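The values are calculated or read from the model by the stated rules, or taken from the named source; none is laboratory data. Every value quoted in this text rests on a predicted model; they were computed, and no experiment measured them. Glycine gets a Cβ as well: all are built from the backbone with ideal geometry, and neighbour counts include every protein chain shown. Accessible surface areas use protein heavy atoms only, side chains included; no ligands, DNA or RNA. Shrake-Rupley method; radii C 1.70, N 1.55, O 1.52, S 1.80 Å.
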Amino acid sequence: MRKKSIILLAAVLLVAGGQASAFKKQFKDVQWLNSNISNAEITHVMLTDTATIVTFHKHDTNNGIRFDRATCLLDDKGKEYRIMRSQGIPGEKFDMFFKKTANEANDFKLLFEPLPKKTPFFDLIEGRKSGDFQILGIHDAKKPIRIPAFVDTVSVPQDFIRTDTVCLRGQIEGYSRDMGFNTMQLYLGNELTGEDTPKAIDVQEDGRFEVKFVDFYPKELYFSIRTENLYQPISAYLVPGCTTVINIHKDWTIDYKGSDEEVLRCERLMMSGTDYMNSYQYRDYEKDKEALSFAEMQEKLMGLAKANEKAVDYIAWRNGFNPWERHLAHVWNKLRHARWIMDYMLDARFATYREVTGEDSIRAYKKLADVGDAANWGFFRELPYNDVSSLTSNDISLMLNRYEFASVLSKGQARIIKVDATFRAREDSIMLANDMKVAGENSPSLWGQIAVLRRTEYNFEHFRKDKEELKKLVELRRETLKHPGLQANLDRLYAKELERQTLTYSLPNTEATYILRRMTDKYRGKYLLIDFWGMGCGPCRSAIEHSKELRKAFRDHPEVDFLFIAAPESSDEAYNNYVKKNLDGEDCHLITRDEYNKLMELFQFNGIPHYETLDKNGNVVREGLDYGLYDKDAFENKLKELKKQLE
């Protein structure tokens with residue numbers, strides 16, 4: 001009897017134990033610190049002994065979401081839990097985009113290997129590639145994540161801006177020519193001066209690549225692989241005087257093994273996906289730029305930047321950032337949010353160019369007045385405008401461009417009477433005085449001085465026939481620029497300008513020139529305007545459509561012609577339909593992406609539309625033709641002026 005009781009008790013305990021091992025735990029009020037998924041959000045999290053179930057609500061039925069097989073969860077200790085299956089995704093396939101139509105249920109679930117019962121928080125990451133989705137710090141709102149405090153004590157090196165050679169090299173694992181590309185495009189530029197210096201990186205048959213070039217400060221940037229079916233950005237951190245090694249694996253993840261120490265100093269930052277930590281999206285901006293005032297826009301974006309600092313500290317803590325990486329991560333966070341305020345400023349200016357009447361006109365000019373008043377630029381004082389490490393950010397290009405052309409900097413400029421070096425120096429002084437008002441400083445900010453330096457190449461155009469005034473301009477501007485690195489770049493631009501002794505130059509004997517000559521040699525004896533464009537470029541299409549009548553007027557002109565060069569960015573059908581409608585009768589060439597990369601390097605441009613002019617001998621005209629304001633008489637006058645100068 002006792003034996004039977006013991007057996008029965010054991011059975012009861014076994015059953016009870018089995019029941020106890022089965023558990024369900026939900027995050028009742030699910031929150032996260034940061035997400036770069038713009039069209040869906042998590043609504044529910046359930047932990048069980050067989051799976052962790054993450055439920056999403058997709059609020060945008062027009063755009064797809066991609067999840068691939070590398071999607072996983074990372075628990076609080078950094079352990080990975082793989083995705084097992086999905087519910088509500090058509091075909092339950094990964095490595096592809098999916099869309100839901102308006103009449104479909106907008107909820108879907110991802111099921112992962114089970115997290116431990118006591119997991120306090122976790123991350124959901126799509127993969128380790130640039131641009132992959134990630135939702136960080138997923139937790140129950142009632143149990144906030146405790147992140148160690150961070151105090152920024154970093155001192156930026158005095159020689160941060162310096163001129164030296166950069167070496168970028170690496171290998172693409174499993175590469176073959178069948179992958180459809182022989183080059184990668186490095187979007188390189190000097191934001192101190194506004195110069196574009198792109199590079200087409202040749203890939204050898206075994207996947208190795210290497211390129212060397214002169215650069216001027218450390219920076220994060222991207223090079224890209226593009227084919228008809230693939231667009232893969234690769235992030236890199238480059239430092240003058242150092243070698244960066246990028247090993248690209250078959251799944252497009254990367255590592256920096258073999259890089260110099262100063263590059264490896266930022267390895268964890270670059271691998272963390274910090275540059276994709278967006279708490280504000282373009283769709284938010286499209287709504288806010290119409291609805292919000294300048295003050296409200298600042299309050300919202302800088303508030304988001306402040307709130308996102310916790311997510312920055314979370315990533316730094318999770319990835320073991322060193323102090324330098326933490327410093328850069330916080331600088332990038334501020335610029336990533338402030339860039340939208342700078343866009344707002346520019347759009348407020350453009351809004352007055354459109355035909356607006358009534359209340360719309362009143363609102364447009366009120367916004368223009370607001371963005372043009374230094375007293376309203378309170379957000380600027382929260383930015384790292386005197387920190388040279390801000391130059392490392394991908395967003396610095398847009399920030400400096402918008403600041404350079406901000407109406408608040410040009411306020412009080414005198415009417416042009418005589419364009420000489422003294423007049424330009426007076427403009428510089430007014431710009432920097434306005435800059436001090438914006439920043440609330442007693443001396444010009446670094447960004448303000450850079451805004452002046454970025455005008456240099458344009459200003460040089462007015463003094464090409466007067467070397468004494470050119471020299472005087474440089475001397476006066478050099479006194480204005482206090483930073484030795486900026487002075488060195490001014491001196492370099494001056495030396496470069498002195499080498500420009502002719503109105504035209506011949507192209508080097510390179511593969512890129514051969515590619516161009518295949519299309520242009522038949523135009524010898526004519527001036528040729530070359531239009532580099534793309535189907536994915538709105539300004540390109542706008543210029544083509546608005547220049548239609550101008551081009552028609554010069555269709556049979558004996559001394560000028562037009563050539564249009566594009567790379568594949570859409571289906572052949574879409575391209576052909578557009579050309580038939582808007583470029584019928586024009587000489588249009590759809591070349592390979594590799595060839596286009598070579599031409600971008602040849603003519604030194606990162607963006608499109610871009611225009612070049614060849615003279616009757618096939619040489620490049622330094623200041624050539626363009627569509628201007630689409631005025632036929634103005635175009636004819638420019639052509640006559642070219643002939644007078646060159647013939």
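Given the residues R363, R349, R381, which is the only one that is free of Cβ contacts under 8 Å to residues at least 12 places away in the same chain, over 17 Å from the mean Cα position of the chain (by Cα) and not in a loop (DSSP other than H, G, I, E, B)? Break it down stepwise before answering.
Working: R349 fails: free of Cβ contacts under 8 Å to residues at least 12 places away in the same chain; R381 fails: free of Cβ contacts under 8 Å to residues at least 12 places away in the same chain.
After ruling out the rest, the residue left standing is R363.
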Original post:
Which residues, counting only those in segment 191-228, are within 25 Å of M271 (Cβ to Cβ) and either of a type in the set (K, R) or in contact with a Pro (Cβ under 6 Å, 6 or more places away or on another chain) (or both)?
Top reply: K199, R208, K212, D215, K219, Y222, S224, R226
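What helices (runs of 4 or more DSSP H) lie completely within segment 418-476 and have 3 or more residues being more than 26 Å from D196 (Cα to Cα) and out of contact with any Pro (no Cβ under 6 Å at 6 or more places or on another chain)? Explain how you work it out, then say what you get.
Numbers: elements: 421-439, 446-453, 456-460.
Ranges flagged: 421-439.
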Subject >> Qualifying residues in segment 366-378 (those that are in a loop (DSSP other than H, G, I, E, B) and in contact with a helix residue (DSSP H, G or I) (Cβ under 6 Å, 6 or more places away or on another chain)) - the one surrounded by the fewest Cβ atoms within 10 Å (Cβ to Cβ) >> reply: G372
Original post:
Of (1) buried (at least 19 other Cβ atoms within 10 Å of the Cβ); (2) farther than 30 Å from D206 by Cα; (3) not small (G, A, S), M270 satisfies all except one. Which?
Top reply: (2)
Original post:
How about segment 484-528: which of its residues are part of a strand (DSSP E or B) and within 30 Å of K467 (Cβ to Cβ)?
Top reply: T504, Y505, Y527
Original post:
Got at least one residue in segment 556-563 being at pLDDT 95 or above, more than 26 Å from G536 (Cβ to Cβ) and in contact with a Gly (Cβ under 8 Å, 6 or more places away or on another chain)?
Top reply: no
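Just one of H546, H557, H483 is open to solvent by 10 Å² or more (accessible area, probe 1.4 Å), more than 30 Å from A425 (Cβ to Cβ) and under 33 Å from the mean Cα position of the chain (by Cα); which is it? Spell out the reasoning first.
Details: H557 fails: under 33 Å from the mean Cα position of the chain (by Cα); H483 fails: more than 30 Å from A425 (Cβ to Cβ).
H546 is the lone residue from the list that is open to solvent by 10 Å² or more (accessible area, probe 1.4 Å), more than 30 Å from A425 (Cβ to Cβ) and under 33 Å from the mean Cα position of the chain (by Cα).
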Original post:
Residues of segment 488-524 being under 32 Å from the mean Cα position of the chain (by Cα) and open to solvent by less than 40 Å² (accessible area, probe 1.4 Å), which ones?
Top reply: N489, L490, L493, E497, L507, A512, T513, I515, L516, M519
Original post:
What single numbered condition from (1) open to solvent by 40 Å² or more (accessible area, probe 1.4 Å); (2) part of a strand (DSSP E or B) fails to hold for F213?
Top reply: (1)
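Looking at segment 142-172, which of its residues are open to solvent by 90 Å² or more (accessible area, probe 1.4 Å) and not in a loop (DSSP other than H, G, I, E, B)?
Filtering segment 142-172 down to residues open to solvent by 90 Å² or more (accessible area, probe 1.4 Å) leaves 142-143, 146, 149, 151, 153, 155, 158, 169.
Hit for segment 142-172 is R169, nothing else.
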Original post:
Of all the residues that make up segment 588-639, how many are farther than 14 Å from T520 by Cβ, over 24 Å from the mean Cα position of the chain (by Cα) and open to solvent by 40 Å² or more (accessible area, probe 1.4 Å)?
Top reply: 14
**OP:** Quick one: count up the residues across segment 532-552 that are in a helix (DSSP H, G or I), under 11 Å from G607 (Cα atoms) and hydrophobic (A, V, I, L, M, F, W, C).
**Re:** 1
Subject >> Pairs where the first residue, in segment 15-42, is over 29 Å from D132 (Cβ atoms) and modelled with pLDDT under 90 and the second is outside any loop (DSSP other than H, G, I, E, B) and open to solvent by less than 40 Å² (accessible area, probe 1.4 Å), C-beta under 6 Å, 6+ apart >> reply: K24/T48
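If you scan segment 406-422, which residues turn out to be under 21 Å from I450 (Cβ atoms), surrounded by fewer than 20 Cβ atoms within 10 Å (Cβ to Cβ) and more than 30 Å from the chain's Cα centre (by Cα)?
Kept after step one, since they are under 21 Å from I450 (Cβ atoms), are these residues of segment 406-422: 406-413, 421.
Next, only the ones that are surrounded by fewer than 20 Cβ atoms within 10 Å (Cβ to Cβ) stay: 407, 410-413.
Matches in segment 406-422: G412, Q413.
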Original post:
Given the structure, is A307 under 30 Å from I125 (Cβ atoms), open to solvent by less than 40 Å² (accessible area, probe 1.4 Å), among the hydrophobic types (A, V, I, L, M, F, W, C) and out of contact with any helix residue (DSSP H, G or I) (no Cβ under 7 Å at 6 or more places or on another chain)?
Top reply: no
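Within segment 122-144, can one find any residue that is in contact with a Pro (Cβ under 9 Å, 6 or more places away or on another chain), at negative phi and of a type in the set (A, V, I, L, M, F, W, C)?
Keep residues of segment 122-144 that are in contact with a Pro (Cβ under 9 Å, 6 or more places away or on another chain), which gives 129-131, 139-140, 143.
Still in the running and at negative phi: 129-130, 139-140, 143.
With the extra rule that they be of a type in the set (A, V, I, L, M, F, W, C), the set shrinks to none.
Checked against the condition, which is being in contact with a Pro (Cβ under 9 Å, 6 or more places away or on another chain), at negative phi and of a type in the set (A, V, I, L, M, F, W, C), segment 122-144 yields no hits at all.
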